[in-house]
Every structure is written in C-alpha cells, then in structure tokens.
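Reading through the structure tokens given below for one structure.
Laboratory data are not the source of any read-out in this text; all were calculated from the coordinates shown. All of these numbers come straight from a predicted model, not from anything done at the bench. Neighbour counts are summed over all protein chains in view; Cβ atoms, including those assigned to glycine, are modelled from backbone coordinates with ideal geometry.
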Amino acid sequence: MKRLLLGGAGRDHRRRTTTGALVIAAALALTACGSGDTSGKPSAGTAATHTMKTAMGDVRVPDHPRRVVVLDTAELDSAITLGVKPVGSTHADVKSGFLDYLPRDKVAGIKDVGEMLQPNMEAIAALKPDLILTSKIRHGDKYAQLSAIAPTVMTENTGYPWKANFRMHAEALGRQAEAGKAVAAYTAHVRRVVAALGGPAKAAATKVGVVRFVEGADIRIYGRKNYIGTILADLGVGRPAIVDKAKDGFTYDVSPERIDLADSDVLFHSTYGDPAKAKETQTTRSGLWKNLTAVRDGRSHGVDDQLWIQGIGYTAADRILDELQRDLTKR
C-alpha cells in the first residue's frame, strides 16, 4: 500500500508550525542536557565520536551510542541482529506494532514513536536519543527536524541494498565485529541450504517465483532487485523469465487475469492487507491460479508477509532460509 512504500503528503501550515516549534524546543532541551545541538552533532566534551558518510552527507556520531531510535523495519532488524535494543522505534502497519518475527523479548520495552511514515518528533525528542537510524527514501524530507534532535544516519534506500545498509548501521552503532559474525553466519547458512537442495546445479534448475497480494494495488511478481530477490540470488535458484521484465528490477505488476505470468516450479506468496481487497481470494480461486505449475504440483506456499517482505535484515533472512530449505526440498 502507498502508506507503506511512499513518503507522506504535504501538511498544512498549522501542522508545520506546531511540529517545528516542538522540534526546536526539543533540540534546545537536548542541548541543555549535553545530548546534542541543533546541528545534529554531539556537544563538545561528550563521548568519542567518528564521522560517517551518509546519504545526507557527513555526520558525526558517537562511537558507542547508548540511546538509539530507529524509524523503519530494516533499521530495527539491524539493531536487533547486532545486539542493540533501541529506546524507540516507529511501528509497522500490523496489529502487534513491531513485526511478529522479531523475538518478543528483544522488542519489549521499546517506545513506540509513531507511524513509520509519520514519526512523532516530540516523542523522539523526549527519548533524548544520541543516534537516529533511517533512510532518505523514507524520511529525507524530515532530515532537518531529525538531525536537530540527534545525529541522524540515513541510507539512500531500503530493500535491495540491505546488506550495504546493514554495514552502515553497524558502523553507526559501533558494532562492526558483531556485523562480521552475522554476515559469516548468514553465508554459512546459505551454503547449508544449497547443499540441502542438492548443490548449485540442482538449485539453479528450480525456478522459484514470489508473488505478493497487496490491498489497494495490483498483484506483484517480485523481480531480482529487492530484499527477497537477493536471498534467492544468494541461493542460486532459478527464477521465472517474467522477473526480467520487472520495473527497475523490483516487481512486475499484474491483474488477476494475468496471474499465469507468475508460472514457476515453486511459488511463494504473501498478502499485505485484507485478502479480499488484495485480490488474493479472487485470484487463488481462479482456474488460472489452479493451473500454475507450482499450484498443480503442490509446490505453492503461503508465507508471512511481515517476515518475507517487510523485515529486511539478517534476523529475518535466517528464518527465511529455514523456510526455503523446508519448502524447496518437499516433493
């Protein structure tokens, strides 16, 4: 849905004025207590810092931040993976607030600072963070407000470049050693799954498709340049030809009447929103769906949208690899 993927619409003058006043007041309060200044840089005399190159330019951050706020699901996954519990996070568009695949004990006590695309600046400032993590595509229009509260590290995008983003998150959090261990564990897990599939040649011979039903949008056949696409590429599995027609490599969008284009040996599908409004109910009852090779052969698998699509990180990837091994080895 648009609210998940796009930035918010413009605000009226009153809201801009109110928000600006809150941020300025919060920034002054933070300066007074030595947490930061209106430049978004730690004050003189605080803990050691280092300068990072970010999507918004050079940013000076604490070497070992203690009060971290994250504003998107990828940043939350990174923090949890690296052993950091943020003091605050925006909530996802799910009943539980934080994505269900995350361990409950790891997110317990994290303060909800608002909807992902509309973070509550006053709530963020009240937490007195010494670091904020997000991306330019999500919150580039709010950079001035956020950096007035604390040093703000933004990656350019989310999703497809998740591995590079993770390294930036680790640098910002001072957790490079932990990041190296997470990457090594993921690489070893990929090797185990490929071996379970019968080796690289057998993996490549199996065409794997991913479909997402989205409330308020067309059905999405996932291409190569997205989070799940990179995991499938790491496994070296085959992909259906349609993925090479995906717009910008991301998705190829179809109506229920063209779901036959999703034909593949194995098909994974998830749903965002109400299944009827997302056209899942209509599509999966159709003859076109039932005639898909994967569906006909009993190799179509419904998966958790929060985990496969929304999570975007190494903690999610570890569980996805387990599910891929389980389902791709079924006969």
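Of note:
- Note: relative contact order over the chain, using C-alpha pairs below 8 Å and six or more positions apart, is 18 percent.
- For residue 277, a cut-off of 17 angstrom between C-alpha atoms picks up these lysines, skipping any fewer than 8 places away in its own chain: 2.
- The chain, dipole about Cα centre (Lys/Arg Cβ +1, Asp/Glu Cβ -1), debye to the nearest 20: 220
- Of all complete DSSP H helices in the chain, those with a Cα span along the helix axis of 15 Å or greater and a mean Kyte-Doolittle hydropathy of 0.5 or more are 13-32.
- Of the cross-linked pairs 202/290; 181/202; 85/142; 136/202; 95/202; 181/279, those separated by over 31 Å at the C-alpha level are 136/202; 95/202; 181/279.
- Paramagnetic label zone (point 7 Å from Cα along Cα-to-C-beta, residue 177; backbone N under 18 Å) in region 64-83: 64-66, 81-83
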